[in-house]
Each structure stands twice: as C-alpha cells, then as structure tokens.
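What follows is a short report on a single structure.
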Amino acid sequence: VAARFGAGPLAGKRVLLTAGPTREFLDPVRFISNPSTGKMGMALAHAARTLGAEVTVVLGPVGTVERGGLDIVDVVSADDMAREVLSRVGTVDVFIATAAVSDWRPETRAPQKVKKGASTSPEALTLVRTPDVLAEASRQVAGQPKRPVLVGFAAETERVVAHARDKLERKGLDAIVANDVTAPGAGFGTDTNRVTVLTRSGAQHELQGSKREVAQALIELLLVSPS
Ligand code: CTP
Ligand code: CA
C-alpha cells in the first residue's frame, strides 16, 4: 500500500541500481560473462520501492525476475550499462551498483560465427577493459551540488575487508557492501547472503539472512537511518 501511494520513508527519493551480469560478445553466438543472477540487486530494488522510492534498475541479462513496480532498463554489455547509467545518475538521490560487470571484453566482435575450421588449437582472444560503470558515475557526479549517495558492492575471495575498503576509497563511495563469494551461503546465485558493510566514516556492520532480509537491512542502514 505504501508503495502504491508513494508514501513511506523513501517517498520522493529516486534510486538507481545496476544488477545482474553483463555479456561481452566475441561473435553472434559466444560471450564472456559470469554467474550473477541479479537476485541481490533486485531484492534491494524491491526493498527501496516498498519504502516509497522511485526505482530504476539497469539490468543485465538474467532469467525471469519480478519487475512489478520498478522501471527496468534492459542492457547486455558493460558499454550499454555505462551509457544507461551515465545518462541518469546526475538526477538521482542514490546510486547502488550491484552488477557483476565483466571487467574485460573481446577487442573485436566478429560479424559472423567464428568457425573452428581445421585448427587443433584456438586462436588467441585479445581482450580490452570495459568501462568501470561505478567509478565513471562517481567521477561524473563529483562536482555536483547535490551529489547522489554512492554505494558499491565488492565480490572478493580473500582479504575481503581490505580489498573492499580499497574500492570504497578508489571509487569515491559513501559505502561498500563486501561479499566473500566463497563463503557458504553467500555470493552468486544463492538465496542467502552474508555481507560486511563498510562506510566512508569507518563504520563496519555485519548482516546475514535471506537476500531479501539482507536487502531490507541494507536499505534501512544506508538510506533510511544512515549513521
Ligand atoms: N563495477 C562497475 N563496472 C565495472 C566493474 C565493477 O560498475 N566495470 C562496480 C560493481 O558493480 C561493484 C564495484 O564496482 O559495485 C566493485 O566491483 P568488483 O568487480 O568487486 O571490483 P573491481 O573494481 O572490478 O575490481 P576486481 O574485479 O579486480 O576485484
Ligand atoms: Ca570486477
């Protein structure tokens, strides 16, 4: 009901998120990607919506997800995601980057399917860097009078807090949600999550539960009653 009438603690707030993986095609039938399902990002989007926010999700290719109440912009590649985010981030109150953006893409995309022919070993694939959507968004809004709150995620397999703190500093974020993707019940495709939230001010919070519970707790912690 709160969502339908635009009431709730986040009424009038505009929240932009990225979610899901990206796909970087090397020919019409092959791509580089990762196992992200977009679950955590979509759970955050719905949690913010339920509290009254107007929510846009720039969403990479995922299976069926609950789209009701959200403005969803479907994208495929990191380049697409960057373009759709950079054209919107200047007018929002909050930007939360949950997407597992491919860090690399094939330098060229063959117009036709690459044939294996008679080769017994594959041709080398030359990769180039994709845009860092979050870092570019942060740079773009840096000088703005009313800069949005910027929240990143960090998928790590070791030295989780140290790597996440480094990303928070490097990308100019207000908070980062660090995720040990190798921990049981955390990471890609699971229904549960265990995260450590680090804020620019140095605060550190541990959250765990279903992705939905963690999403609600994160929205509460970061947007409703930030410390
Ligand atoms: N991110 C992004 N665009 C990229 C890469 C990352 O927007 N091209 C965002 C992610 O959505 C996440 C944060 O940056 O919010 C950190 O992503 P992560 O992959 O953990 O870190 P990277 O900076 O890519 O560093 P690395 O993969 O080397 O650990
Ligand atoms: Ca990365």
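Can you tell me which residue in the stretch 113-133 is farthest from PHE188 (Cα to Cα), limited to those that are in contact (Cβ under 8 Å) with a residue 40 or more places away in the chain and out of contact with any Asp or Glu (no Cβ under 7 Å at 6 or more places or on another chain)?
Checked the stretch 113-133; the qualifying residue farthest from PHE188 (Cα to Cα) is LEU125.
Does SER102 satisfy the condition of being farther than 15 Å from THR56 by Cα and within 16 Å of ligand 2 (Cβ to nearest atom)?
Against the criterion (farther than 15 Å from THR56 by Cα and within 16 Å of ligand 2 (Cβ to nearest atom)), SER102 qualifies.
Could you name every one of the strands (runs of 3 or more DSSP E) located completely within the stretch 9-100 that has at least 1 residues being of a type in the set (D, E, K, R)?
14-19, 24-27, 30-32, 54-59, 71-74
Is it true that LEU134 is within 9 Å of ligand 1 (Cβ to nearest atom), of a type outside the set (S, T, N, Q) and assigned to a loop (DSSP other than H, G, I, E, B)?
No: the conditions fail for LEU134.
Does LYS146 meet the test of being over 30 Å from ASP174 (Cβ atoms) and either part of a helix (DSSP H, G or I) or basic (Lys, Arg) (or both)?
no
Taking the options VAL89, VAL62, name whichever one is under 30 Å from GLU213 (Cβ atoms) and in contact with a Phe, Trp or Tyr (Cβ under 8 Å, 6 or more places away or on another chain).
Testing whether each residue is under 30 Å from GLU213 (Cβ atoms) and in contact with a Phe, Trp or Tyr (Cβ under 8 Å, 6 or more places away or on another chain) leaves just VAL89.
On the basis of being loosely packed, with under 14 Cβ neighbours inside 10 Å and in contact with a Leu (Cβ under 7 Å, 6 or more places away or on another chain), does GLU107 make the cut?
Considered against the rule, which asks whether it is loosely packed, with under 14 Cβ neighbours inside 10 Å and in contact with a Leu (Cβ under 7 Å, 6 or more places away or on another chain), GLU107 comes out as yes.
Please work out if ARG129 is basic (Lys, Arg), within 23 Å of ALA19 (Cβ to Cβ) and buried (at least 21 other Cβ atoms within 10 Å of the Cβ).
No; evaluated as a whole, the condition is false for this residue.
Which of the residues spanning the stretch 152-202 are in contact with a helix residue (DSSP H, G or I) (Cβ under 8 Å, 6 or more places away or on another chain), β-branched (Val, Ile, Thr) and either within 15 Å of ligand 2 (Cβ to nearest atom) or in a loop (DSSP other than H, G, I, E, B) (or both)?
Within the stretch 152-202, ILE176, VAL177, THR190 meet the criteria.
Sort out which residues of the stretch 137-168 are surrounded by fewer than 17 Cβ atoms within 10 Å (Cβ to Cβ) and aliphatic (A, V, I, L, M), and write them in order of number.
Result: ALA142, VAL161, ALA162.
So for the stretch 112-121 (the condition being under 19 Å from the mean Cα position of the chain (by Cα) and either within 30 Å of ARG49 (Cβ to Cβ) or of a type outside the set (Lys, Arg) (or both)), does at least one residue qualify?
no
Only residues that are more than 8 Å from ligand 1 (Cβ to nearest atom) and touching a strand residue (DSSP E or B) at 6+ places or on another chain (Cβ under 6 Å): list them for the stretch 97-115, please.
TRP104, ARG105, PRO106, GLU107, ARG109, ALA110, LYS113, VAL114, listed by residue number.
Would the stretch 43-56 turn up any residue that is out of contact with any Cys (no Cβ under 9 Å at 6 or more places or on another chain), at pLDDT 95 or above, of a type in the set (A, V, I, L, M, F, W, C) and within 15 Å of ligand 2 (Cβ to nearest atom)?
no
The values are calculated or read from the model by the stated rules, or taken from the named source; none is laboratory data. As the structure is a computational prediction, the values presented were derived from the model and not from experiment. Glycine also receives a Cβ, built like all others from the backbone with ideal geometry; neighbour counts cover every protein chain displayed.
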